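Colleague: Sharing a structure with you now.
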Amino acid sequence: MADLTAFQSWIAACSESITAHADDLTELDRAIGDADHGSNMRRGLTACAALAEQEDFASIDAYLKKVGMTLVSTVGGASGPLYGTFFLRLAGPLAASEDVGAREFGQALRAGVEGIVARGKAEAGDKTMYDAFSPALEAFESAAGSGCELAEALREAADAAARGRDATEPMVARKGRASYLGERSAGHQDPGATSATLLIEAAAKTLS
Ligand code: ADP
Ligand code: MG
Ligand code: MG
């Protein structure tokens, strides 16, 4: 069961991982975008990681809502509102929880991913962060449904996200800035699918 402290560790781990990979994310975005995804995400997650020291949060959902709002106001670009929506929606199903288990986290993850779709209208195969989030959600629900605990279901989700991320390489982008390149977007891994995988991998390491 993951408590508020565990969720704060997750965000701290996201910040560390995004910072460590910021240059790689920017290089991926240089190939099919405008070379700012790493710096956008590093700025956002650094601000989020600082929240735990700035404020005492009464609950997991209050904390995740603040994370979402902070991402909306600091990341910018296409990904800021999408990741912001993800964390804001993630908070919803956790409103009454002090300790989150696999079943509840599954409901939150579904709400978060549906929020990304509601905002960005991405479908599978469009070469976006959804191509990592969608298989991650599916793997999580399948693992949790067959009785896995939170950490184990997240491990399955992280592996599925990584496979989804890798599968974006040959895709032709149909959403976001990369879609302006048409066929020339093929042959490059999507930056947003790459950062989404880092966030889920960080969850697998911290939430249990
Ligand atoms: P920008 O393209 O505005 O510079 P970023 O570089 O921060 O923003 O983010 C780009 C990433 O955002 C893409 O790699 C893609 O994964 C994601 N993205 C863009 N548009 C959408 C969308 N409509 N739905 C889901 N994800 C999207
Ligand atoms: Mg960009
Ligand atoms: Mg940009």
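Read-outs throughout are calculated quantities, based only on the coordinates presented, and are distinct from any laboratory measurement. Since we're looking at a predicted model, the values are computed, not measured. So basically every Cβ, Gly included, is an ideal-geometry build from the backbone, and we count neighbours across all protein chains shown.
Colleague: Which value, in debye to the nearest 20, gives the size of the charge dipole of the chain about its Cα centre, when Lys and Arg are +1 and Asp and Glu are -1 at the Cβ?
Modeller: 640 debye
Colleague: Can you spot the lysines whose alpha carbon is less than 25 Å from LYS175's alpha carbon? Ignore those fewer than 8 places along the same chain.
Modeller: By straight Cα distance, LYS175 reaches LYS121, LYS127.
Colleague: Ok, one more. To check my understanding: the extent here is largest minus smallest coordinate of the Cα atoms along each principal axis. What are those three numbers for segment 4-206, in Å, largest first?
Modeller: 47, 39, 28
Colleague: Once every DSSP H run of n ≥ 4 in the chain is given -39500 (n - 2.57) and the sum is divided by its residues, what mean residue ellipticity at 222 nm do you get, rounded to the nearest 500 deg cm²/dmol?
Modeller: -23000 deg cm²/dmol
Colleague: Right, something else. Would you be so kind as to identify which of GLY176, MET69, ALA47 lies farthest towards the positive end of the dipole of the chain, taking Lys and Arg as +1 and Asp and Glu as -1 on Cβ and the Cα centre as origin?
Modeller: GLY176
Colleague: While we're on this one: May I ask you to list the aspartates and glutamates whose Cα is less than 15 Å away from that of LYS205, ignoring any residue fewer than eight positions away on the same chain?
Modeller: Straight-distance partners of LYS205: ASP3, GLU16, GLU149, GLU152, GLU156, ASP159.
Colleague: Considering all projection directions equally, how large on average is the shadow of the alpha-carbon convex hull of segment 114-185, in square nanometres?
Modeller: Orientation-averaged projected area of the Cα hull: 4.8 nm².
Colleague: Continuing with the same structure: For a quick check of your reading of the filter: which GluC sites (Glu not before Pro) in segment 122-181 sit in a DSSP loop and have no more than 15 other Cβ atoms within 10 Å?
Modeller: Of the GluC sites (Glu not before Pro), the ones in loops of segment 122-181 whose Cβ has at most 15 other Cβ atoms within 10 Å are GLU123, GLU149.
Colleague: Going by Cα centres, segment 9-36 and segment 57-119 are how many Å apart?
Modeller: 19 Å
Colleague: When only DSSP loop residues count, what GluC sites (Glu not before Pro) in segment 13-75 have their Cβ near at most 11 other Cβ atoms within 10 Å?
Modeller: GLU55
Colleague: Once amide H atoms are built 1.01 Å from N in the peptide plane, which residues 5 or more positions from VAL100, or in another chain, come under 5 Å H to H?
Modeller: Residues meeting the criterion, in which the H sits 1.01 Å from N, are ALA2, ASP3.
Colleague: Pop the C-beta distance of ASP166 and GLU53 into the FRET formula with R0 = 30 Å and round what comes out to the nearest 0.05.
Modeller: In this case the efficiency is close to 0.25.
Colleague: Let me ask something additional. Can you tell me, using C-alpha contacts under 8 Å and at least 6 residues apart, the relative contact order of segment 76-185 as a whole percent?
Modeller: 24 percent
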